[in-house]
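J.: I'd like to ask you about the structure that follows.
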Amino acid sequence: MEKGMEVDRHRRKQIDVIFRRAQQVELCYLVDCTGSMMAHIQEVKALAQHAVDDIKRSYKQLNLSVAFVGYRDFCDGNDRLSILEFSNDLEQVQRFIDNQEAGGGGDGPEDVLGGLDAVLKLGWDAPTKVVIHVADAPCHGSRFQPAGDLDDTEHQIAKDGMDGNGLCAEELILKILEKGISYNFYHVFPRNTQKMIAEFNKLSQAYGCGIVEVNLEETGLMRRSVAISVMNSIGDTMHALSTEIAAGEGFNASNTDGIFTVQAVPDWVTIVEQPAIVTWFQLPADISDLRFGMDLRKTSGVMKIKVAPNPFAEGCMQHAFHAYCVEGVAATHGRLVAKRFKGSRISSFMAYEEHMEVQSVAEFLALEFTKLLQARSPGSPMVAFQRVYAAQAAGIRGPYYANLEPFIEGNFEKFSSGASRASGAHEVLQAFSHWTHHATKGYLMVVHLQGVMVGKDYVLSDPVIHSTELVRHSPHIRTRFGAMNLGPRGMDAFFAGHKCNSVCKTLGLTVPESGLGAPLREAMP
């Protein structure tokens, strides 16, 4: 008992560190300051301090520095860029923003790439890095512009993708991702800027990331959107810091074990099949089974599998390999993905069972959620998680362990983080996370939703569970639901940025009146 209490105290201290570090935030406003933006520049001036106050109501340990980059166009000479470095003197920041005036701009497109370049040259250093980009026009180059609408006769992008200052979107977007900056784009006139952001997203999604979009025509609430964008970024940082904690416990995220990726599916004829003992959890009989001290029943079977020698993808903690079930319990799936941990956890079967437990709980809750939503609103999108197995086989250098799950065809996307999302996209998934907290009477919440859209439905994988139970005591004392479980504080972080949508209302969900979320919602217009 004493050892369990010690582990619990240690875990709570880790979570305290995660929350404190994630609240060290650098926020940069990147604003198109040309003549057509007058009304929205005034709105930025009015919201700057209010947005900070809103965030502080939810995150009491917030340590915020703010920068400002205003851009115009090539023809504006010395007025092309207006830059304020990061400062935690928010009164100074407010004075600088108040001095910005709308003016200039030549043809329709503006020097967006010059603005992004200036953002990258700022002194970024905090764990949480956020850009709020407010604009009504795209950058130069026809690939970024709506057909036939904008005059771009003087500043076409060269064939090598470079503009007149030697900047190109590919390099700038890559550098933003490498710095770990959360890029949030606020459309003033979406018709003008959607194509540009679609092109930027193509570049970012190649690295498993995406640009968060907010349509100011639809929301009209820039103040609320800025606060939620920052809080979502804090949530993403919490997830990243949890990964670092896990790395300290054996998930050596930097250790690639000399492995290089090969994306192509192998010729299965050339791959030797091997027998494996596989374990999977039986799903709970009822939601009431999800409670403190829960223990899912395990079932075992035998498979014959083939696994590619090289991974086709790599995450923070795992490599993903193409695999194929020749015979056995998962034979109906055919193609599989074999996921193996990096570092020392590669040889810990307990780590694979822990991952399997998280996804099994999420699978059951998704089934129950979809059943309820279809009964209340027939034809709504369905939510499903892949069935996961833990496999053991004989390897050349000792036991071979992996998690196996069906291969998902399609574009793998990250739909939500540990926090809610700023835009109204994927409302069903936001409602699903909310419902898991409600259905389990606050015991747990399923977040960090990612996977593939199949039509209007979602097939998901690798979720995170926050739970009031941080440590399990049987059969071994260890963290419950893994190192990503941030407990009640993780749930509060979700509710801080969550605003109930139409799906929540269909299911009769309401936000708890305690925790981080309540004060923020009371302050919002």
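J.: I'd like the residue in the range 245-269 that is at pLDDT below 75 and assigned to a helix (DSSP H, G or I) and, out of all such residues, is surrounded by the most Cβ atoms within 10 Å (Cβ to Cβ).
T.: Restricting to residues being at pLDDT below 75 and assigned to a helix (DSSP H, G or I), the top hit is Ala246.
J.: Suppose the filter is free of Cβ contacts under 8 Å to residues at least 60 places away in the same chain and within 22 Å of Arg224 (Cα to Cα); does Asp54 pass it?
T.: no
J.: Here's another thing I want to ask about it. Hey, does the range 59-68 have a residue that's open to solvent by 70 Å² or more (accessible area, probe 1.4 Å), part of a strand (DSSP E or B) and out of contact with any helix residue (DSSP H, G or I) (no Cβ under 6 Å at 6 or more places or on another chain)?
T.: yes
J.: Looking only at the range 182-219, which residues are part of a strand (DSSP E or B) and more than 17 Å from Gly114 (Cβ to Cβ)?
T.: Within the range 182-219, Ser182, Asn184, Tyr186, His187, Val212, Glu213, Val214, Asn215 qualify.
J.: Counting residues that are among the charged types (D, E, K, R), which strands (runs of 3 or more DSSP E) fully inside the range 270-363 reach at least 1?
T.: It comes to 298-314, 318-328, 335-341.
J.: Here is a list: Phe312, Phe321, Phe281, Phe341. Which entry is more than 23 Å from the chain's Cα centre (by Cα), at negative phi and open to solvent by less than 70 Å² (accessible area, probe 1.4 Å)?
T.: Result of the check over Phe312, Phe321, Phe281, Phe341: Phe281.
J.: What are the residue pairs meeting all of these: first residue in the range 104-132, first residue free of Cβ contacts under 8 Å to residues at least 12 places away in the same chain, second residue among the aliphatic types (A, V, I, L, M), Cβ atoms under 9 Å, and 6 or more apart or on different chains?
T.: That search, which allows pairs on different chains as well, returns Lys121/Ile83.
J.: Go over the candidates Leu47, Leu84 one by one and state the one that is under 30 Å from the mean Cα position of the chain (by Cα) and modelled with pLDDT of 90 or more. Write out each step before concluding.
T.: Working: Leu47 fails: modelled with pLDDT of 90 or more.
Testing whether each residue is under 30 Å from the mean Cα position of the chain (by Cα) and modelled with pLDDT of 90 or more leaves just Leu84.
J.: Please work out which one of (1) open to solvent by less than 10 Å² (accessible area, probe 1.4 Å); (2) free of Cβ contacts under 8 Å to residues at least 40 places away in the same chain; (3) part of a strand (DSSP E or B) is the condition Leu84 fails and give its number.
T.: So the condition that Leu84 fails would be (1).
J.: Can you tell me which residues in the range 183-208 are surrounded by 23 or more Cβ atoms within 10 Å (Cβ to Cβ) and polar (S, T, N, Q)?
T.: Asn184, Thr193
J.: If you don't mind, there's one more thing I want to ask. Anything in the range 16-58 that is open to solvent by 10 Å² or more (accessible area, probe 1.4 Å) and either more than 28 Å from Ala135 (Cα to Cα) or of a type in the set (D, E, K, R) (or both)? List them, or say none.
T.: Hits for the range 16-58 are Asp16, Val17, Arg20, Arg21, Glu26, Glu43, Lys45, Asp53, Lys56, Arg57.
J.: Additional query: Please determine, by comparing only the residues of the range 209-228 that are open to solvent by 20 Å² or more (accessible area, probe 1.4 Å) and under 15 Å from Ala46 (Cα atoms), which one is modelled with the lowest pLDDT.
T.: So the residue we want is Gly220.
J.: Hey, can you tell me all the residues within the range 371-385 that are surrounded by fewer than 21 Cβ atoms within 10 Å (Cβ to Cβ) and either acidic (Asp, Glu) or more than 28 Å from Met303 (Cβ to Cβ) (or both)?
T.: Within the range 371-385, Lys371, Leu372, Gln374, Ala375, Arg376, Ser377, Pro378, Gly379, Ser380, Pro381 meet the criteria.
J.: Still on this structure, I have one more. Considering only residues that are at pLDDT 85 or above and open to solvent by less than 10 Å² (accessible area, probe 1.4 Å), which ones fall in the range 324-336?
T.: Cys325, Leu336 - these are the residues of the range 324-336 that are at pLDDT 85 or above and open to solvent by less than 10 Å² (accessible area, probe 1.4 Å).
J.: Can you name the number of the only condition in (1) open to solvent by less than 50 Å² (accessible area, probe 1.4 Å); (2) more than 24 Å from the chain's Cα centre (by Cα); (3) aliphatic (A, V, I, L, M) that Met350 fails?
T.: Here Met350 meets the rest and fails (1).
J.: Still on this structure: Surrounded by fewer than 20 Cβ atoms within 10 Å (Cβ to Cβ) and more than 25 Å from the chain's Cα centre (by Cα) - does that describe any residue in the range 114-130?
T.: no
The values are calculated or read from the model by the stated rules, or taken from the named source; none is laboratory data. None of these values were measured; they are calculated from a predicted model. So basically every Cβ, Gly included, is an ideal-geometry build from the backbone, and we count neighbours across all protein chains shown. For accessibility, only protein heavy atoms count, side chains too; no ligands or nucleic acids. Shrake-Rupley method; radii C 1.70, N 1.55, O 1.52, S 1.80 Å.
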